[in-house]
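The values are calculated or read from the model by the stated rules, or taken from the named source; none is laboratory data. Owing to the predicted nature of the structure, the values given are computational and were not obtained by experimental measurement. Ideal geometry is used to build each Cβ from the backbone, glycine not excepted, and the neighbour counts take in all protein chains shown. Areas reflect the complete protein model, heavy atoms only, side chains present, ligands, DNA and RNA absent. Shrake-Rupley method; radii C 1.70, N 1.55, O 1.52, S 1.80 Å.
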Amino acid sequence: MPLRIATVLFLIYQLIMVIKVWQARHAANPEAALIQAQTEPGAKGRWLHAVQGWERRFWIYALLTRKPDTNSFAGSTHFGTGEQGGNASCWRAWAFINLIPMPIIHLILHHRHPAVADITTAASLMGSLWLWAEYRAASIRPVSVDDQHLYLRYGLLTDRCIDREQIVDVKPADFRDLHGQISRYAGLGAPNVLITLLDGEVMAVGVDHPGQLIANLRAGSRTSRVGCRPVAD
């Protein structure tokens, strides 16, 4: 009985979330309308904010067909991330591939236990819906830059704001750079920009036009040590 009550409460909560997403469908940026800036300090607050942001973006990009205006995202210059390394197309392909065995598996399980078959099918459908939402997020959410910040947006979870004064080095990335302690931001694509921060963190970032992002970040870098390799898109 407690499990049933918890399930009903969870479904009601998700229904409320879907209604909120539908109500925000006419906003220039439903994501900005539904996801507030983090206000709770500490690791627990950051974790809860990240989970809430993932959940709301999941419903936004899974259900809404209207594409948000790129210029409605924070930042003055925007860079896509869907084309690099086939990022968006890989998410879309897996969304459909995940559905292919579903009817066969459902029939096999149905003869043994109908309830298990229904649960497995529902899980497969939700998995494909999640992959579809990741595909749309990769096609829509940009990496953005303004005079003060670099905004990293990847898929449904990553939403990071970095002070440009913290960037000490930026250069094209190749396979020799993608090892060790590196923060990777490329979805299912291939990182093509390497960014080093003042605290020593190294980020491997994937964007559709890496040369333009590198030039933009170099123009506002705090040092002249930014990259010695030729910039290429």
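Values computed for the structure shown
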item: Amide H partners (placed H, <5 Å) of HIS149, local residues excluded; result: ARG164
item: FRET efficiency estimate (nearest 0.05) - Cβ-Cβ, LEU9 to VAL51, R0 25 angstrom; result: 0.90
item: Computed over the chain: relative contact order in percent, which uses C-alpha pairs under 8 Å that are six or more apart; result: 18
item: Residue-wise HN-Hα coupling along the range 192-202, computed from phi with Karplus coefficients 6.51, -1.76, 1.60 (Hz; x: Gly, Pro); result: 9, 9, 10, 10, 10, 9, 4, 7, x, 5, 10
item: Spin-label pair LEU157/HIS113, simplified geometry with 7 Å Cα→Cβ offset, distance in nm; result: 2.9
item: Rounded FRET efficiency, nearest 0.05, which uses the C-beta distance separating MET126 from ILE105 and R0 of 22 Å; result: 0.90
item: The chain - percent of accessible surface contributed by carbon and sulfur, probe 1.4 Å; result: 62
item: Rounded FRET efficiency, nearest 0.05, which uses the C-beta distance separating TRP22 from ASP146 and R0 of 35 Å; result: 0.65
item: Axial C-alpha extent at least 18 Å, average Kyte-Doolittle at least -0.5 - helices from the chain (DSSP); result: 2-23, 42-63, 114-140
